[in-house]
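Chemist: Sending over a structure as structure tokens; questions will come in a sec.
The values are calculated or read from the model by the stated rules, or taken from the named source; none is laboratory data. Here the structure is a predicted model, which means the values were calculated and not measured. Positions of Cβ are generated from backbone atoms using ideal geometry, with glycine treated the same way; all protein chains shown enter the neighbour counts.
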Amino acid sequence: MSVFNIAVIKGDGIGPDIVNEALKVMDKISDKFGHKFNFTDVLMGGIAIDETGVPLPEETIKICKDSDAVLLGAIGGEKWDTLPGYLRPEAGLLGIRKALGLFANLRPAVISKSLIDSSPLKPEIIKGVDIMVVRELCGGIYFGERGRGVDSESGEAYAFDTEKYSSFEVNRIAKIALEIAQKRNKRLCSVDKANVLESSRFWRENVIDTAKAYKDVELSHMYVDNAAMQLVRYPSQFDVIVTSNMFGDILSDEASMICGSIGMLPSASLGEKGCGLYEPIHGSSPDIAGKNIANPIATILSCAMMLKYSFNLENEAQHIENAVDKVLAQGYRTVDIASKPQVDTEKIIGTVEMGDIITKNL
């Protein structure tokens, strides 16, 4: 029997709702394949602030470091928006990424055949889209030097955030992306703003250098503004996209919405070694928390990514993905992925019911 220890951060808003359904699926996988998953609940985000005074308690860091993987629901909400930056829920997320050494964020954008009409794009444009966005996670402008000041000559106040990357940081994320491309369709597009930014020119040089060891991967480059346009014009041209922290943050959200719903897509954050962190890409949506209407599919698919990338359980991961596809093909929908107006073949169900039906299909 394989035993895996998983730290569980249910978080804020709909976090507990969606994580509870994902744990049902993991328990079913445990029963079906003979694995044992030990779940340990830990605090992070707004609930951690309320209970401990900080968004990321030291106990949470320790338990996560001692675990094989971390499952995260969602954090944040208006309740904590007035707090200083270092005390906001989002500081907990940045902190756990740093503590676990997570530098690669993998965000697949795949259009389900059953949901092709849910996309804001025409079916002929969205058909066959299967993109993996690889976002650098712990460098760049989000982690660079920042501050405020007053110009000594004009007396005008100013603020600044610094975009900074080392060759080590660029090379390691490029390596991850190239290896993922090798396992897919062997095409990698590196997105930057090399026509304007020195940091992007440096990024491009290092990606090119790293790619020399991957002769079987076709490497291309695209400016970020063009990439944003191409994602809605002709998204199926992309296989794997690798880009910086800020550009990846924006483009991966765009890629998710062309697939129909932000509630459908999972993500994985990985490091050189140790445990990865798995979470849906959507927010905490506190306005619908506890109302049994949130979509748990992105969290459930995040568990599939966990099985694949942290535990090397490819077959088990595929079973989860197949169960989700089957449920969608049967016409079951949470409100966010239902057709508007609703069609007769669709059956609108709640969070708990969606978790139950996916578990049953396993």
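Chemist: Tell me, which residue of the range 130-143 that is hydrophobic (A, V, I, L, M, F, W, C) and crowded, with 21+ Cβ neighbours inside 10 Å is nearest to Gly95 (Cα to Cα)?
Modeler: Here is the first cut: in the range 130-143, the ones hydrophobic (A, V, I, L, M, F, W, C) are 131-134, 137-138, 141, 143.
Still in the list and also crowded, with 21+ Cβ neighbours inside 10 Å: 131-134, 137.
Details: Ile131: 28, Met132: 25, Val133: 22, Val134: 20, Leu137: 12 Å.
The residue in question is Leu137.
Chemist: Would you kindly identify the strands (runs of 3 or more DSSP E) lying entirely within the range 8-115 that contain at least 2 residues that are of a type in the set (A, V, I, L, M, F, W, C) and closer than 23 Å to Asp325 by Cα?
Modeler: Working: elements: 36-41, 69-74, 102-110.
Of the strands (runs of 3 or more DSSP E) lying wholly inside the range 8-115, those with at least 2 residues that are of a type in the set (A, V, I, L, M, F, W, C) and closer than 23 Å to Asp325 by Cα span 69-74, 102-110.
Chemist: Any idea which of Ala298, Ala294 is under 26 Å from Pro89 (Cα atoms), part of a helix (DSSP H, G or I) and either more than 14 Å from the chain's Cα centre (by Cα) or among the hydrophobic types (A, V, I, L, M, F, W, C) (or both)? Step through it out loud before you land on a result.
Modeler: Working: Ala294 fails: part of a helix (DSSP H, G or I).
Ala298 is the lone residue from the list that is under 26 Å from Pro89 (Cα atoms), part of a helix (DSSP H, G or I) and either more than 14 Å from the chain's Cα centre (by Cα) or among the hydrophobic types (A, V, I, L, M, F, W, C) (or both).
Chemist: Out of all the residues in the range 348-362, which are polar (S, T, N, Q) and out of contact with any helix residue (DSSP H, G or I) (no Cβ under 8 Å at 6 or more places or on another chain)?
Modeler: Here is the first cut: in the range 348-362, the ones polar (S, T, N, Q) are 351, 359, 361.
Selection gives nothing.
Chemist: Kindly indicate which of Met305, Met264 is aliphatic (A, V, I, L, M) and either surrounded by fewer than 24 Cβ atoms within 10 Å (Cβ to Cβ) or not assigned by TED's automatic domain parsing to the domain that holds Val232 (or both).
Modeler: Numbers: Met264 fails: either surrounded by fewer than 24 Cβ atoms within 10 Å (Cβ to Cβ) or not assigned by TED's automatic domain parsing to the domain that holds Val232 (or both).
Going through Met305, Met264 in turn, the sole match is Met305.
Chemist: Have a look at Ala304, Ala289 and point out the one that is of a type in the set (A, V, I, L, M, F, W, C) and under 28 Å from Leu121 (Cβ atoms). Lay out the reasoning, then the answer.
Modeler: On the way: Ala289 fails: under 28 Å from Leu121 (Cβ atoms).
Going through Ala304, Ala289 in turn, just one is of a type in the set (A, V, I, L, M, F, W, C) and under 28 Å from Leu121 (Cβ atoms): Ala304.
Chemist: Quick check on this structure: which one of Ala213, Ala174, Ala159, Ala194 is of a type in the set (Gly, Ala, Ser) and either under 17 Å from Arg135 (Cβ atoms) or part of a helix (DSSP H, G or I) (or both)?
Modeler: That would be Ala174, the only listed residue that is of a type in the set (Gly, Ala, Ser) and either under 17 Å from Arg135 (Cβ atoms) or part of a helix (DSSP H, G or I) (or both).
Chemist: Go through the range 236-255 residue by residue and tally those that are in contact with a Phe, Trp or Tyr (Cβ under 7 Å, 6 or more places away or on another chain) and in a helix (DSSP H, G or I).
Modeler: Here is the first cut: in the range 236-255, the ones in contact with a Phe, Trp or Tyr (Cβ under 7 Å, 6 or more places away or on another chain) are 244-246.
The next check asks that each one be in a helix (DSSP H, G or I); those that pass are 245-246.
Adding up the residues that qualify gives 2.
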